[in-house]
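Participant: After the structure tokens below, expect a handful of questions from me.
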């Protein structure tokens with residue numbers, strides 16, 4: 001999944017980014033409320049990790065403005081303040097969950113997974129497209145009853161496609177969703193990873209579920 005981390009404390013922001021990337025996720029950082037509003041409105045994210053105390057608009061105001069703009073990306077709010085009043089303020093501003101500092105990184109991951117599953121509508125814990133299954137929590141993939149070993153980035157690309165079965169995603173869209181904003185868009189990296197995935201989830205099983213839509217991009221068929 002692609003996550004926007006909004007945190008002005010450089011050390012914590014770095015730790016969150018490194019930890020999430022080690023789990024195979026694409027991460028962008030914002031260091032102020034204004035930067036968070038711009039990034040969350042301009043790009044599609046699976047989740048936002050949002051600190052309350054920020055330069056410019058605070059986390060409560062950022063969340064409130066995003067909802068007013070119709071941005072319904074799940075928001076996990078972080079704060080050192082753990083009073084009931086602060087939790088209520090965060091939830092009333094439109095946050096989906098609330099985590100007090102200091103926190104366990106394992107708990108943050110679990111809460112993010114729960115939010116992404118839920119999204120704006122209920123999402124399954126395990127993604128299924130035909131006989132292809134992907135478990136975001138366990139980071140495991142199966143074709144039928146056979147488990148398939150994939151790399152962290154292959155997993156991220158496949159998860160992106162499986163969350164949008166039947167939809168054609170351009171190379172640019174796949175880069176936006178599976179890589180962070182610092183990535184250079186000029187290489188053929190999307191084609192390379194689609195080829196890797198075909199060699200793992202399609203070819204050994206006699207399938208052609210990962211389709212090339214010429215001149216547009218790629219689609220994961222939902223009927224195979």
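The values are calculated or read from the model by the stated rules, or taken from the named source; none is laboratory data. Note that the coordinates shown come from a computational prediction; the quantities given were computed from them, not determined experimentally. All Cβ positions, glycine included, derive from the backbone under ideal geometry; neighbour counts span all protein chains shown.
Participant: Is it fair to say residue 141 is surrounded by 15 or more Cβ atoms within 10 Å (Cβ to Cβ) and in a loop (DSSP other than H, G, I, E, B)?
Facilitator: no
Participant: Quick check: is even one residue across the stretch 46-54 surrounded by fewer than 17 Cβ atoms within 10 Å (Cβ to Cβ), at pLDDT 90 or above and either in a helix (DSSP H, G or I) or not assigned by TED's automatic domain parsing to the domain that holds residue 107 (or both)? Show your work before the answer.
Facilitator: So in the stretch 46-54, the residues surrounded by fewer than 17 Cβ atoms within 10 Å (Cβ to Cβ) come out as 53.
Subsequent filtering for residues that are at pLDDT 90 or above retains 53.
Imposing the further condition that a residue be either in a helix (DSSP H, G or I) or not assigned by TED's automatic domain parsing to the domain that holds residue 107 (or both) reduces the set to none.
The answer is no; no qualifying residue exists.
Participant: Considering only the stretch 13-45, how many residues are buried (at least 18 other Cβ atoms within 10 Å of the Cβ) and part of a helix (DSSP H, G or I)?
Facilitator: Summing the residues that are buried (at least 18 other Cβ atoms within 10 Å of the Cβ) and part of a helix (DSSP H, G or I) in the stretch 13-45 gives 9.
Participant: While we're here: Give just the number: which of (1) surrounded by fewer than 19 Cβ atoms within 10 Å (Cβ to Cβ); (2) under 18 Å from the mean Cα position of the chain (by Cα) does residue 57 not satisfy?
Facilitator: For residue 57, the exception is condition (2).
Participant: Let me ask something else. Filter the stretch 87-132 for residues that are under 18 Å from the mean Cα position of the chain (by Cα), under 30 Å from residue 208 (Cβ atoms) and at pLDDT 90 or above and give the result.
Facilitator: 128
Participant: Continuing with this model, one more query. Just name the residue that is modelled with the lowest pLDDT out of those in the stretch 176-197 that are touching a strand residue (DSSP E or B) at 6+ places or on another chain (Cβ under 9 Å) and crowded, with 17+ Cβ neighbours inside 10 Å.
Facilitator: 180
Participant: Within the bounds of the stretch 81-102, is there any residue that is within 20 Å of residue 12 (Cβ to Cβ) and buried (at least 21 other Cβ atoms within 10 Å of the Cβ)?
Facilitator: Checked the stretch 81-102: at least one residue is within 20 Å of residue 12 (Cβ to Cβ) and buried (at least 21 other Cβ atoms within 10 Å of the Cβ).
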